[in-house]
Amino acid sequence: MTDTAPESPHYTAHRKGEADKDFDAIWAQPSGIRSWSAVNHRIVGKRFLVTGFVFFLIAGVLALLVRTQLIVPENTFLDSETYNQVFTMHGTLMMFLFAIPMLEGFAVYLIPLMVGARDLVFPRLGAFGYYCFLFGGILVLSSFLFDAAPAGGWFMYVPLSTSDYTEGLSADFWLIGITLAEIASVTAAVEIIASILCSRAPGMSLTKMPVLMWYFLVTAFMIAVGFPPLIIASILLESERLLGLPFFDPSLGGDPLLWQHLFWLFGHPEVYIIFLPAAGIVATMLPTFVGKPLFGYGFVVAAVVTMGVISFGLWAHHMFATGLPIMSLTLFSAASTMVAIPTGVQIFSFIATLTLGRPRLTVPMLFILGFLFIFVLGGLTGVMLAAVPFNLQAHDTHFVVAHLHYVLIGGFVFPMMGGLYYWMPHITGRMMSERIGTWVFWLMFAGFNLAFFMMHLTGLRGMPRRIATYPEGIGWDRLNMLSTIGAYILTAGIALFIWDFFRHRRTGPAAGRNPWGAATLEWLYPPVAPGYNFRAIPEIRAREPLWEQPEFLDRPPDEITGALRAYPDHRRETIGCDPVTGAPLQILRLPHPTWTPLISAFGIALAFAATLASVYWLVGLGGAIALAGITAWVWEPSDSGVTRATGIRHGLELPVNIVDRRSHLHIGIVGTLLISFALFGSLLFGGLYLWNTEPSFADRTATPDSRAALMAAASGLVMAGLGWLANRWAQDNAFRAAGLIDLGLVALAPLTAALLLAALLPVDPWASAFGAVGWALGAFVTAHLAVVLWWALINAVRKLTGLVGPGQTLPDLLLMTFCKATAAMTLVTAAAYLAVAS
Amino acid sequence: MEADGGYADSTLGLWGAQSSLVNAGRGADAILPLTIGMTVAFGVVFVLVLALVWFAWRRDRPAGHWWLWSGGIVLPLVSIVALMAISTPTLRALVTESDDALVIEVTGKQFWWDVVYDPDGIALRDANEIVLPRGRPVTFRLLSDNVIHSFWVPSLTGKMDMIPGRVNMLPVLAEETGRFRGQCAEFCGLSHPRMAFEVVVLEPDAFDRWLERTQGEARDAARPEIVEGRNVFLDAGCAACHAIRGVAEGARLGPDLTRVGARGSLGGGMWRMNQGTLAGWIADVQDMKPGAQMPSYNHLSGPELRALSAYLASLE
Amino acid sequence: MTPLARRIALPALLWALHFIVVYALISAGCAARALAEVDVVRGLAVVATCAAAAVALVWLISAGLERRRAPAGSDAAALASAGWWTALISLLAILANLWPVVLLGSCTG
C-alpha cells in the first residue's frame, strides 16, 4: 500500500494526483457541461456509437428518398440535381460518418474492457478524434443548408469534381469536411494499435487475447496504411480547386486515373476495414451462444492477417473498364479472387463453431445467421465481379449496387445490430426485448433481401447506377418497385429497433451479472460496470477467462485479486505490458478529464471551415488555437522516473511510464510514423505513376536544383544526428547540453525545408502535373519539419527551464525517432529530385 | 429504317433493348455463358453453405479440421482456378481488335455522343445513333474532352470508359440485326441519367447503302414550310453549334443534325423522335435535360418553332 | 518481436512485397514509358516468384515443425498454427500473382 521509492524532486504528483480523493472519486466522470472534457474510453466510445448511429439514420432517410424517386419510371419526386446530392450524401455519410465511426465506437468501448485495462492508452487522443469526427460530420452535413451538398458520387471522380465541372463549394465541402472527419480514423488507428499491444493485463499474451483484439489490431494497421492515399488525393484535388494545380489535367501531364488509383488504394481496404471488426464481433458472440470457444483460433488469426494485407492488392478491380492493359487487369483479378481463401477460412470457422455445442437462438444469434446468409451471398457475387469479362457488363450497374449492399449490410450492419443487442446490457444495464428483437431481425432480413436481391437482375438487365430516373418499359419497372417496397420494410425494422431502444431504457429487465454467459472480461462486473473497469487488474491464464478462471465469477468483482489495487499517487493508471510478450512492463499513467482535446479539435475544425469559406485570417486563428491546445496537451511534465509496487507476483515493482522503445508512447509514435510514411508513399506513388504514364510531360518538366537537393539531404542527416545526440545526452541527465542541441534542431529544421524548397525553385508547379507532385512532396516534408521545429522548441524550453528531472526523458526518445523518420523522408525526397535532375 | 410516312422505331419502351442477358454481339455472347455458369455454380455453393449451417446447428459432434480445409482452401481454390482459366482467354478475345475493322470514333460529351465513322477516311460525322453492319468487325475508338463517360451497349458487349487524355478501343461484332440501346455508365453530371443512345444493326449490304446515302449533303425536301424552317435554323444562330452538311458546315459544339429526323430518338435516346418532341426540345431543352450545353430557345414564336421542328424532322 | 509472432506477419508482408514487384514490373512493361520489354518483365516476374515462393515454403515447413513440437493447446502451438496458415495462404497468393504474367503473352493479350 505504500511506495518505498524516493520521489524525484520534479515529480509533482499533486498537480493531477488528488491526494484527498479515494479511488472512486479519482475515477469519477465530470457531469453537466464539464462532461465534454471527459476523456474516458467508455464515454468517448458511447459518443462514437451514438453519433455514428445518428448519421446512419440520416443516410438511411437519404436512401429512402433515392428509392422513392426510383419506385416508378420517369418519376418527378426529386429533380436531377437533388437526386445527385442525395445519393452522393447517402454513400458519403454511410462510408465515412457511420461505418468507420461505429466500428471505432466498438473498439474504443470494448478494447480496454477485453484486454483488462482501465482505459485506452491515449484517452485524450480518443476524445480529440471524436471531436474531429463530430465537427467534420457537421461540416459535411451543413452543405445542405448552403444548397451546396456534394453531388459527384461518394468517390468524386475527376475531372467531374474539378473546378471546371463542379463550380461552387459542393466538392470542397466533401474534400474538407471528410478529411477533417478522417483525422478521427487515423488517430483511432494509433490508439488501437498502442492499446492492444501495450496495455494487456498480466498473463495476456498475444495468443491469449480475445480474437476480436486481433481483428481490431489488423484493422488499425489497415487504417494506418489505407486512409493516407485518400487524404493525399483529397489534398491534391482541393489544391487543384483552390490553387489551380494540374494534378489531374491531361493537357498538363496529369491523369484522371491518378485520382482513381489513389482513391481505390484507400477504397478497397476501406471496405475490409469495415468488414473485419464486424466479423470479429461475430467471432465474439458466436462462442457465447454455443458455449464453446471459437473453432480454430490459429486459423482465424492467420485468415484475418492475410485478408488485411491481401486486401491492399485488389484496388484496380474498381477500374476494370478504364482501359488498363489486360495483363494488369488480370493481376488484380487473380488477387481479388484469392481473397476468397482467408474469407472462406473465417466463414467456415464460424460454421464449424456451431457444431461444438448446442447453439442458443437469441436475437444476436439471429443476426449472426443473417450475416452468414447475406454476407456469403454478397461475397460470391464479389467473386463473380472479379472475373473481368463479367465485370465489363456488371460494372457501374445495379448489380454492383446489389453486391456492395449485400457485403456491407450483411457484413457490417447485421453483425453491428447483433453487437448492439449483445452489448446493450453492458452499456445500459438492461436487456432489450427478445420478442421485439426477433421482429426487428425478420423485418430487416426480409426487407433487405427484397430490396437488394432484385437489383442483381435489374443490373444485368442494363440499369446503370446513379441514374435519377429511367425510361419505362425496357424491363426495370417492376423490379424497381419491388426494391423500393423492400427498402421501406427494412426501414420499419430499424424504426422498431429504435423504439425498443428507448422503451428498454425505461422498462427493460435489469441485466444480471454476465447475462449471456460470455467468456470475455468485459462481463466481469455486473452491468453497468464502474468507469474504472477493474478495481484491481486481474491476472489472466486462459483465452476464455470467465469460463476457465472460476475465481472471477465466484466472488464480488471488487474483491478479485490483481494489480494496482493501491493508488499511492492518487492518479489514474493501468498496467502497461511488453508489446509482444505481454509481460508486465510499466505502470501506465492515464490523463484525468481535460479540455485540451476539445480545444485542439475546435481549432483544427475552425481552420478547415475557414479554408472552405476562404476566410484566411480565420484559418490562421484556428491554426493558432489548435497549436496552443496541442502544446498545452503535451506540455505536462512526465510522470516517469519512479517505480511503484504493483501488488502482484510477490512484490513486483514496475517503473512508471518507462523511458524505453517498448513504451506505449513510442509505439504510438511508430504508429503515427506508419501513417506518415503511407502519406509520403502515396505522393511518391503519384510521382512515379505520372513519370511512367506521361513520360513526355515528365521529361519536359524543369529539373530541380541538384546542389540544393544535396545540401537538403546533408541537412537531413545532420538533423537525425542531432536528434540522436539530444536523446543520448538527455538520457545521461545532461539536460542543459541536450537543450542546446534541441535548439540546434529548431534552427536546422527550417533550414532543411528552405533547402528543399530552394531545390524546387526551377520547377513551376502550375506548368505540369509532375512538377506539381514534386512540390507536393516538398510541402509534405516541410510540414514534417515544422513538427520537428515545434517539438524541439518545446523540449528545449522544458529542459532549459528546469522542468525535466532524471528519468523524465521520454519526449527526447520520441523526438529522436521522429527526427530519424523525417530525415529519411528528406533523403528520399532529395534523392528523387536528384534522380529527376540527372 | 427509312421513314415511309412514319418515324423510325426507337428502343424506348422496347423490353430487353438494353439487357446484357440478350446477346446480339460476339462480346455479349462470350460473356453470357460465364455469367450463367458463375450464377449456377455459385448458387449451388450458396445453397451448400446454407445447408452446412443448418447441418452444423443440429450436429452434436465437433467438426473436424477438414471443414476448414475444404471450405477455406479447396473450395475457393478450385473456384478461383476455374474462374481464371475461363475468364482470361475470354478477356483476351474481348479486347482483341481485327485488323480490317471499321473504326468508329465516339466522343463522350455532356450529355450526348459525337460519332465519326471511319475518322481516318471518309470521316462521316453523326450523333447519338450508331449504325453497324451485322457480321463485320467494328472497333470503337472512345474519347472524351470533358469528364469521364462510359460507352455501353449491353446486348453487344461489355463497357469501356471514355477518359480525357486516353484513347480506349472497344472491339464489337454485331451478330443480329435490330435496334439496341446503350447508355453512359459512368456518372458524368446533372443529366447522366439522360445520356443514352441507340444502335441500329443492318445487314452488311443495307449498311453499305446507308453509309453511301448518308455521306452526302442534307436531303431536305422542298416544301415551303420546310424551307421556312431552314431559314429559322440559320437566322436563330443554330449553325453556331450544329452542322448540317450542305446547309451549315463546320460547327462541332453540338450534335451534327444532317440526318436528325431519321434517328429513332432525341436527346440522347430519351424521347421519341417526332416533330412535337423536337419543338419541345428546342423551346425548353433545359427543362428536359438540365445541364445540357444547349440553351432553351423559348424566345422563338410558335410558328417559328413549328417550321423549325418540321424542317429538322424532315432531315433524313 | 519474437520469432513466432513475426511468423504471423512476415509471410503476408512477403506477399505484399512480391505483389509490389509484379505490379511494378507490369507497369514498367506496359505503360507509356515502356521501360522494359514484356519478355524481360515475364522473366523477372518468374524469378521473383520463385524466390518469394521458396521463402514462403521455408516458413511453411518450419512453422509446421514448430507446430508439431509445441505442446498442444499452448501459446506456442496457437502461434505456430497461425504462422503455418499464414504461410500457406501467402504462398498460394504469391503463385496467383504470377498468373497474368505467364498466361498472357503481352500487355494487351
Completion exercise
Given (1) touching a residue at least 40 places away in the same chain (Cβ under 8 Å); (2) within 30 Å of A:PRO293 (Cβ to Cβ), A:GLY459 misses just (2)
Practice task
Report whether or not A:THR397 is within 14 Å of another protein chain (Cβ to nearest Cβ), farther than 20 Å from A:LEU57 by Cα and not hydrophobic (A, V, I, L, M, F, W, C).
Solution key: yes
Exercise for the section: Output yes when any residue across region B:240-248 is in contact with a Gly (Cβ under 9 Å, 6 or more places away or on another chain), modelled with pLDDT of 90 or more and either farther than 27 Å from B:LEU211 by Cβ or not in a loop (DSSP other than H, G, I, E, B) (or both), and no when none is. Expected result: yes
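Hey, among the residues in region A:587-619 that are part of a helix (DSSP H, G or I) and without any contact (Cβ under 8 Å) to a residue 12 or more places away in the chain, which one's farthest from the chain's Cα centre (by Cα)? So that I can check it myself, show each step before the final result.
Keep residues of region A:587-619 that are part of a helix (DSSP H, G or I), which gives A:596-613, A:616-619.
Now restrict to residues that are without any contact (Cβ under 8 Å) to a residue 12 or more places away in the chain: A:613, A:616-617.
Values: A:ALA613: 27, A:TYR616: 29, A:TRP617: 31 Å.
Looking at the filtered set, the residue picked out is A:TRP617.
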Fill in the blank from the handout: Of the residues in region B:281-316, those that are buried (at least 18 other Cβ atoms within 10 Å of the Cβ), small (Gly, Ala, Ser) and either touching a strand residue (DSSP E or B) at 6+ places or on another chain (Cβ under 9 Å) or in a loop (DSSP other than H, G, I, E, B) (or both) number 1
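Before we move on, is A:ALA278 within 14 Å of chain C (Cβ to nearest Cβ) and of a type in the set (A, V, I, L, M, F, W, C)?
Working: within 14 Å of chain C (Cβ to nearest Cβ): no; of a type in the set (A, V, I, L, M, F, W, C): yes.
Judged against the criteria, A:ALA278 is not a match.
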Practice task
Could you tell me whether region C:43-61 includes any residue that is in a helix (DSSP H, G or I), within 12 Å of chain A (Cβ to nearest Cβ) and in contact (Cβ under 8 Å) with a residue 60 or more places away in the chain?
Solution key: no
Problem - One residue from B:LEU202, B:LEU211 being over 22 Å from B:HIS299 (Cα atoms), more than 18 Å from the chain's Cα centre (by Cα) and surrounded by 13 or more Cβ atoms within 10 Å (Cβ to Cβ) - result: B:LEU211
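Scan region C:66-109 residue by residue and report those that are surrounded by fewer than 21 Cβ atoms within 10 Å (Cβ to Cβ), assigned to a helix (DSSP H, G or I) and at the interface with another protein chain (Cβ under 7 Å from one of its Cβ atoms). Step through it out loud before you land on a result.
Filtering region C:66-109 down to residues surrounded by fewer than 21 Cβ atoms within 10 Å (Cβ to Cβ) leaves C:66-77, C:92, C:95, C:102-103, C:105-109.
Filter again for assigned to a helix (DSSP H, G or I), leaving C:66-69, C:75-77, C:92, C:95, C:102-103.
Hits for region C:66-109 are C:ASP75, C:LEU92, C:LEU103.
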Practice task
Provide a single number: the residues in region A:325-369 that are within 7 Å of another protein chain (Cβ to nearest Cβ) and aromatic (Phe, Trp, Tyr).
Solution key: 1
Exercise for the section: Sort through A:LEU546, A:LEU553 and tell me the only one that's farther than 30 Å from A:LEU665 by Cα, touching a Leu at 6+ places or on another chain (Cβ under 8 Å) and modelled with pLDDT under 95. Expected result: A:LEU553
Exercise for the section: Can you run down the residue pairs with Cβ atoms below 7 Å, 6 or more apart or on separate chains, where the first is in region A:668-689 and crowded, with 20+ Cβ neighbours inside 10 Å and the partner is not in a helix (DSSP H, G or I)? Expected result: A:GLY668/A:PHE122
Practice task
Mind listing whichever residues of region A:456-490 are closer than 18 Å to B:GLY269 by Cα and more than 12 Å from chain B (Cβ to nearest Cβ)?
Solution key: none
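Determine which member of the set A:LEU612, A:LEU683, A:LEU688 is under 30 Å from B:GLY165 (Cβ atoms) and in contact with an Asp or Glu (Cβ under 6 Å, 6 or more places away or on another chain). Please lay out each step first, then the result.
Values: A:LEU683 fails: in contact with an Asp or Glu (Cβ under 6 Å, 6 or more places away or on another chain); A:LEU688 fails: in contact with an Asp or Glu (Cβ under 6 Å, 6 or more places away or on another chain).
Just one listed residue meets the conditions, A:LEU612.
Given the options A:PHE263, A:PHE289, A:PHE227, name the one that is within 14 Å of chain B (Cβ to nearest Cβ), assigned to a helix (DSSP H, G or I) and under 22 Å from the mean Cα position of the chain (by Cα).
On the way: A:PHE289 fails: under 22 Å from the mean Cα position of the chain (by Cα); A:PHE227 fails: within 14 Å of chain B (Cβ to nearest Cβ).
The conditions single out A:PHE263.
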Exercise for the section: Would you please name the residue that is nearest to the other protein chains (Cβ to nearest Cβ), looking only at residues in region B:23-61 that are of a type in the set (A, V, I, L, M) and in contact (Cβ under 8 Å) with a residue 60 or more places away in the chain? Expected result: B:ILE31
Exercise for the section: Would you please list the contacts, defined by Cβ atoms under 6 Å and residues six or more apart or on different chains, that run from a residue in region A:751-773 that is touching a residue at least 12 places away in the same chain (Cβ under 8 Å) to a residue that is of a type in the set (Ser, Thr, Tyr) and outside any helix (DSSP H, G or I)? Expected result: A:SER768/A:THR701; A:PHE770/A:THR701; A:GLY771/A:THR701
Problem - Meets criteria (within 22 Å of A:VAL388 (Cα to Cα), at pLDDT 95 or above and over 11 Å from the mean Cα position of the chain (by Cα)) for B:PRO171 - result: yes
Problem - Tally, over region C:29-41, of residues that are buried (at least 18 other Cβ atoms within 10 Å of the Cβ) and either in a helix (DSSP H, G or I) or in contact (Cβ under 8 Å) with a residue 60 or more places away in the chain (or both) - result: 4
Practice task
For B:VAL232, state whether it is surrounded by 21 or more Cβ atoms within 10 Å (Cβ to Cβ) and either at pLDDT below 90 or part of a helix (DSSP H, G or I) (or both).
Solution key: yes
Exercise for the section: Determine which member of the set A:ALA759, A:ALA786 is more than 32 Å from the chain's Cα centre (by Cα) and more than 16 Å from A:LEU243 (Cα to Cα). Expected result: A:ALA759
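So that you can scan it fast, the table gives a plain yes or no per residue for (1) within 28 Å of A:ILE474 (Cα to Cα); (2) of a type outside the set (Ser, Thr, Tyr):
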residue: B:THR96; (1), (2): no, no
residue: B:LYS109; (1), (2): yes, yes
residue: B:TRP113; (1), (2): yes, yes
residue: B:LEU142; (1), (2): yes, yes
residue: B:SER150; (1), (2): yes, no
residue: B:THR157; (1), (2): yes, no
residue: B:ALA185; (1), (2): yes, yes
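Return yes or no: is A:ALA321 under 28 Å from A:HIS395 (Cα atoms), assigned to a loop (DSSP other than H, G, I, E, B) and in contact with a His (Cβ under 9 Å, 6 or more places away or on another chain)?
yes
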Handout entry: helices (runs of 4 or more DSSP H) fully within region A:75-173 counting 3 or more residues that are farther than 30 Å from A:SER663 by Cα
Key = A:80-92, A:123-142
Practice task
With the checklist (1) facing chain C (nearest Cβ under 8 Å); (2) buried (at least 24 other Cβ atoms within 10 Å of the Cβ); (3) under 22 Å from C:PHE19 (Cα atoms) in hand, flag the one item A:PHE299 doesn't pass.
Solution key: (3)
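The values are calculated or read from the model by the stated rules, or taken from the named source; none is laboratory data. Values in this document were obtained by computation on a predicted structure and should not be read as measured data. Neighbour counts run over all protein chains shown; Cβ positions are idealised from the backbone, glycine included.
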